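S.K.: This is the structure I have questions about; it appears just below.
Values quoted throughout were computed directly from the atomic coordinates according to the rules given, and no laboratory measurement underlies them. Quick caveat: nothing in here was measured; it's all calculated off a predicted structure. Here the Cβ positions follow ideal geometry from the backbone for every residue, glycine too, while neighbour counts run over all protein chains shown.
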Amino acid sequence: MVNLQNFYEEFDSQAVRRTMADEGYYIFDRRLDDASLPMLRSQIDELAEAEDTEINYAGSEHRVWNAQRRTANFAEFQKLSDWIMPQIYGAPYPSYTVLAIRNRPAPPQAERMEVRWHLDSFRRQLKLFAFLTDVTEETGPLEIVPRTHRPAFKLRATVPLGLYRARDILRWREQKRSWQRIHDRSINKVTGWGYSPKEMTVPAGTLLLVDTSALHRAKPCLSGERYAVTVYHR
Ligand SMILES: O=C(O)CCC(=O)C(=O)O
Ligand SMILES: [Fe+2]
């Protein structure tokens, strides 16, 4: 069984809260034990064979939803996240699912790269990621623009970036929002304002907290593979 005890014991809620408020993400110094990584990866491989697995990007991405119900190890990540989040959020903030995900190289035509940037929601939304392989530029890192989770940024950016548009309101019930697909052109504007995207290239075993109301995307996997676990909160 994966042992997350150290993450509880060493958790410095003040430091995490401060970094999350300032930057919109927090990388834990402590990593998962090396020994647990192959075990977790092979559990993802097993689960990925199930019939209800979501498969994207020309078969290169496997998404196993509700992994916490399928394997006790993934429930451990959910427990940890349910313990951490209220301390940052300042209110009860239960998780609703754990995603176990595997990415292998995607054929270049499998996806529209220029609209991968997005917000998960317009208001604060926190996620816990655990990366089970070394994440390099090649294996499809999560990329985020630090500090764009802040209300001051959203106020400034909403109109010039078209995060909300008239058509979002006209088609409100379709639940499609402009901030779910943001064009690279908009990101160029944001970098012009002094914000710099940051690639989460981290060693295997790294845990990461992110406010996914910041601008972010998953870069495509070009070679190798990336395994990760993500705990989702509403
Ligand atoms: O897989 C990733 O790196 C991030 C995907 C994403 O946009 C998310 O989990 O919100
Ligand atoms: Fe996202």
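S.K.: Can you tell me, using C-alpha contacts under 8 Å and at least 6 residues apart, the relative contact order of the stretch 30-233 as a whole percent?
M.R.: Result for the stretch 30-233 is 36 percent.
S.K.: Output the antiparallel fraction of DSSP beta bridges having both residues in the chain, as a percent to the nearest 5.
M.R.: 100 percent
S.K.: For the stretch 20-112, what does the relative contact order come out to in percent, with C-alpha contacts under 8 Å and a separation of six or more?
M.R.: 29 percent.
S.K.: Show that you can apply the helix-only estimate: for the chain, add -39,500 (n - 2.57) for every DSSP H stretch of four or more residues, divide by all residues, and state [θ] at 222 nm to the nearest 500.
M.R.: -9500 deg cm²/dmol
S.K.: Find the all-direction average of the projected area of the Cα convex hull for the stretch 1-59, expressing the result in square nanometres with one decimal place.
M.R.: 6.4 nm²
S.K.: What residues have an amide H closer than 5 Å to that of Val202, excluding those fewer than 5 places away on the same chain, when H is modeled at 1.01 Å from N in the peptide plane?
M.R.: Val135
S.K.: For the stretch 1-148, what number results from the quotient of the Cα radius of gyration and 2.2 N^0.38 Å?
M.R.: Cα-based Rg divided by the globular estimate yields 1.10.
S.K.: Determine, for each peptide in 115-128, 178-191, the mean count of other beta carbons within 10 angstrom over its residues, then list the peptides with the highest first.
M.R.: Peptide ranking by packing, descending: 115-128, 178-191.
S.K.: Could I ask something else about it? Return the Cα extents of the stretch 30-233 along principal axes one, two and three, sorted largest first, each rounded to a whole Å.
M.R.: 47, 43, 35
S.K.: While we're looking at this one, here's another question. Using the Cα centre as the reference, give the magnitude of the dipole from point charges on the C-beta atoms of the chain (Lys, Arg: +1; Asp, Glu: -1; all else neutral), rounded to the nearest 20 debye.
M.R.: For the chain, the charge dipole is close to 1480 debye.
S.K.: Measuring from centroid to centroid over Cα atoms, what is the spacing of the stretch 5-36 and the stretch 47-120 in Å?
M.R.: 19 Å
S.K.: If you build a Gaussian network model of the chain, linking Cα atoms that sit under 10 Å apart, which residue out of Ala110, Ala130, Ala100 swings the most?
M.R.: Judging by the Gaussian network model, the answer is Ala110.
S.K.: Also, quick follow-up: Using the Karplus curve 6.51 cos²θ - 1.76 cosθ + 1.60 with θ = phi - 60°, work out ³J(HN,Hα) for each residue of the stretch 96-113 in order, rounded to whole Hz, and write x for Gly and Pro.
M.R.: Whole-Hz 3J(HN,Hα) from phi for the stretch 96-113: 10, 7, 10, 9, 10, 9, 10, 10, 10, x, 9, x, x, 7, 6, 8, 8, 5.
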